[in-house]
Amino acid sequence: MIYQRSSALFAEAKKYIPGGVNSPVRAFKAVGGEPIFVKRAKGAYLYDEDGNQLIDFISSWGPLILGHAYEPVINAVIEKARKGTSFGMPTEIETQLARLAVSMVPNIDKIRFVNSGTEACMSAVRLARGYTGKDKIIKFAGCYHGHSDAFLIQAGSGAVTFGSPNSPGVTQGTAKDTLLADYNDMDGVKTLVQANSGEIAAIILEPVAGNMGCIVPSEQFVHGLRELCSQEGILLLFDEVMTGFRLAKGGAQEALGVDADIVMFGKVIGGGLPVGAFAAKAEIMAHLAPEGPVYQAGTLSGNPLAMSAGLAMLTELNTNPEVFSSLDNKTKYLHEGITTVLEERGIAHQINRFGSMLSVHFCEGPVVDFASSAHGNNDRFKKYFHGMLKRGIYLPPSAFESYFLNDALSYSDLDKTIEATRHCEF
Ligand code: KE4
């Protein structure tokens, strides 16, 4: 693999863009080396600026569940662009996507579109606070809900990589209203709720975590949260930016059989263009401006191009739900193949998987929360990442991320990935 052009482009980018990237996780800080600049992509393959072809396991961090440059999505965007790109006025396609999303996801009557997962989670928390009249929220160490101040407390994803989960710039005034618990620790949540009785507006979580690697909730935890929230008048917020329209048509609520009070989306719902969303029953959403007093807005929210990509994507998933079982089977096949190879090589590891989310942890014990995820052997992960990269496999450049399979991946691609694992120098 050669990377001269990527390296030159990175040097140029750093002159004008902080760190040369527009999102820190792209910078390879967690694995070392320089980021690869991609020129184009199609299906399961990335083609970088040096002409290398790579099998892609991040799918733009989740959105491209059907593979890159999926024809129906591309055609929808091109067709829509010819009619204008943005109006600042309502358009029919926003209602078409809203109606489809509401028909696919349980427990929601209405949905508001924004431009990112961060905006969706930030707005959902404001709505929960406005609806309940309470200030505090509980989040879980290692969960990432975007870069809004209230969430950068022991956050996952890129915030972990930089070893500063409590980012500078987040005030104590903000931090005091964000209470921290450990994922899968129901007793710890109960203690926190009792100590702050009557003050908690919401508990927010990734229903299947993906930002400390993939971590699956225990039945006792996720059902326990539902019961506790119902008892205490706390809203349960499912951050489904990763899991929404990936784990099932109805996302994690359907896959886990647990009802949330507010659900947030991103990634897949935009088909690769900037879309976030948050949704709930009509009674809660009625508190949102302009119907109710909780303010939230956005110049490009519901942007027609983004809506057209999202509508094409969700239409495909809604009419071909067998994609979800196809993705699950491919992820299971990859899981089993990598396990076989690493066991043959006597390399201590844990693989967590749920649906088409998967992560490989180089450690002995089970990975059930942020602390156990952080125990992974990061040096070994770095060698794994680069060993796979030089064999044409592009994995998430951090141990604190999930793989995102797309359905354009063939079993031959998966066999190549498994075989590459066999030859990595750890
Ligand atoms: P965005 O604002 O990046 O669209 O979404 C924030 C967000 C919210 N909730 C969850 C569960 C998420 O995973 C994310 C964003 N995910 C990261 C990857 N771990 C996006 C990659 C990046 O930061 O560039």
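The values are calculated or read from the model by the stated rules, or taken from the named source; none is laboratory data. Computed from a predicted model, the values in this text were never measured in an experiment. No Cβ is skipped: glycine too gets one built from the backbone with ideal geometry, and neighbour counts run over all protein chains shown. Each accessible area value is taken on the protein alone, full model and side chains, heavy atoms only, with ligands, DNA and RNA left out. Shrake-Rupley method; radii C 1.70, N 1.55, O 1.52, S 1.80 Å.
In segment 408-426, of all residues being touching a residue at least 60 places away in the same chain (Cβ under 8 Å) and within 27 Å of residue 368 (Cα to Cα), the one that is farthest from the ligand (Cβ to nearest atom) corresponds to 422.
Residues in segment 311-328 that are in contact with a helix residue (DSSP H, G or I) (Cβ under 7 Å, 6 or more places away or on another chain) and open to solvent by less than 20 Å² (accessible area, probe 1.4 Å): 312, 313, 314, 317, 323. Pairing residues of segment 219-235 that are among the acidic types (Asp, Glu) with residues that are open to solvent by 40 Å² or more (accessible area, probe 1.4 Å) and modelled with pLDDT of 95 or more, at Cβ distances under 8 Å and at least 6 apart in sequence or on separate chains, gives 232/197. Applying the set (1) within 16 Å of the ligand (Cβ to nearest atom); (2) buried (at least 24 other Cβ atoms within 10 Å of the Cβ); (3) of a type outside the set (D, E, K, R); (4) outside any loop (DSSP other than H, G, I, E, B) to residue 253 leaves exactly one unmet item: (2).
The residues listed here are 174, 132; of these, the one that is more than 16 Å from the ligand (Cβ to nearest atom) and over 17 Å from residue 237 (Cβ atoms) is 174. Any residue in segment 12-20 that is within 16 Å of the ligand (Cβ to nearest atom) and touching a Lys or Arg at 6+ places or on another chain (Cβ under 7 Å)? Yes, segment 12-20 contains at least one residue that is within 16 Å of the ligand (Cβ to nearest atom) and touching a Lys or Arg at 6+ places or on another chain (Cβ under 7 Å).
Of all residues assigned to segment 166-187, at least one qualifies as being closer than 25 Å to residue 382 by Cα, without any contact (Cβ under 8 Å) to a residue 40 or more places away in the chain and either in contact with a Cys (Cβ under 8 Å, 6 or more places away or on another chain) or surrounded by fewer than 24 Cβ atoms within 10 Å (Cβ to Cβ) (or both).
Residues that are within 12 Å of the ligand (Cβ to nearest atom) and assigned to a strand (DSSP E or B) within segment 264-286 comprise 264, 265, 273, 276, 277, 278, listed in sequence order.
Look through segment 188-215, keep the residues that are surrounded by fewer than 19 Cβ atoms within 10 Å (Cβ to Cβ) and not aliphatic (A, V, I, L, M), and return whichever of them is nearest to residue 402 (Cα to Cα). Among those residues, the one meeting the criterion is 188.
Quick grid of which residues meet (1) acidic (Asp, Glu); (2) touching a helix residue (DSSP H, G or I) at 6+ places or on another chain (Cβ under 6 Å):
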{"site": "18", "(1), (2)": "no, no"}
{"site": "31", "(1), (2)": "no, yes"}
{"site": "35", "(1), (2)": "no, yes"}
{"site": "42", "(1), (2)": "no, no"}
{"site": "53", "(1), (2)": "no, no"}
{"site": "79", "(1), (2)": "yes, no"}
{"site": "101", "(1), (2)": "no, no"}
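Considering 296, 220, the condition of being open to solvent by 30 Å² or more (accessible area, probe 1.4 Å) and either of a type in the set (Asp, Glu) or within 28 Å of residue 203 (Cα to Cα) (or both) is satisfied by 220 alone.
Against the numbered list (1) of a type outside the set (Asp, Glu); (2) surrounded by 17 or more Cβ atoms within 10 Å (Cβ to Cβ); (3) under 27 Å from residue 56 (Cβ atoms), residue 123 comes up short only at (3). The set of residues from segment 192-225 being away from the ligand (no atom under 16 Å from the Cβ) and either within 12 Å of the chain's Cα centre (by Cα) or not in a helix (DSSP H, G or I) (or both) comprises 196, 197, 198, 199, 200, 201, 218.
The set of residues from segment 236-250 being in contact (Cβ under 8 Å) with a residue 40 or more places away in the chain and part of a loop (DSSP other than H, G, I, E, B) comprises 241, 242, 243, 244, 245, 246, 247, 248, 249, 250.
Please verify whether segment 25-33 includes one or more residues that are modelled with pLDDT of 95 or more, over 26 Å from residue 409 (Cα atoms) and away from the ligand (no atom under 16 Å from the Cβ). Yes, the conditions are met somewhere in segment 25-33. For residue 356, are the conditions met, namely being of a type in the set (Gly, Ala, Ser), farther than 22 Å from residue 32 by Cβ and within 16 Å of the ligand (Cβ to nearest atom)? Yes, satisfied.
Okay, residues lined up against (1) out of contact with any strand residue (DSSP E or B) (no Cβ under 9 Å at 6 or more places or on another chain); (2) assigned to a loop (DSSP other than H, G, I, E, B):
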{"position": "14", "(1), (2)": "yes, no"}
{"position": "41", "(1), (2)": "no, no"}
{"position": "60", "(1), (2)": "no, no"}
{"position": "63", "(1), (2)": "no, yes"}
{"position": "77", "(1), (2)": "no, no"}
{"position": "83", "(1), (2)": "yes, yes"}
{"position": "86", "(1), (2)": "yes, yes"}
{"position": "89", "(1), (2)": "yes, yes"}
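Out of 184, 166, one residue alone is closer than 22 Å to residue 375 by Cα and modelled with pLDDT of 95 or more. It is 184.
Please determine, by comparing only the residues of segment 363-401 that are in contact with a helix residue (DSSP H, G or I) (Cβ under 8 Å, 6 or more places away or on another chain) and without any contact (Cβ under 8 Å) to a residue 24 or more places away in the chain, which one is least open to solvent (accessible area, probe 1.4 Å). Only one residue fits best here, namely 363.
Beta carbons closer than 6 Å, at least 6 apart along the sequence or on distinct chains, pair a first residue in segment 196-215 that is closer than 16 Å to residue 261 by Cβ with a second that is among the polar types (S, T, N, Q) and open to solvent by 10 Å² or more (accessible area, probe 1.4 Å) for 201/132.
For the residues 356, 308, the requirement of being within 17 Å of residue 255 (Cα to Cα), surrounded by 20 or more Cβ atoms within 10 Å (Cβ to Cβ) and small (Gly, Ala, Ser) singles out 356.
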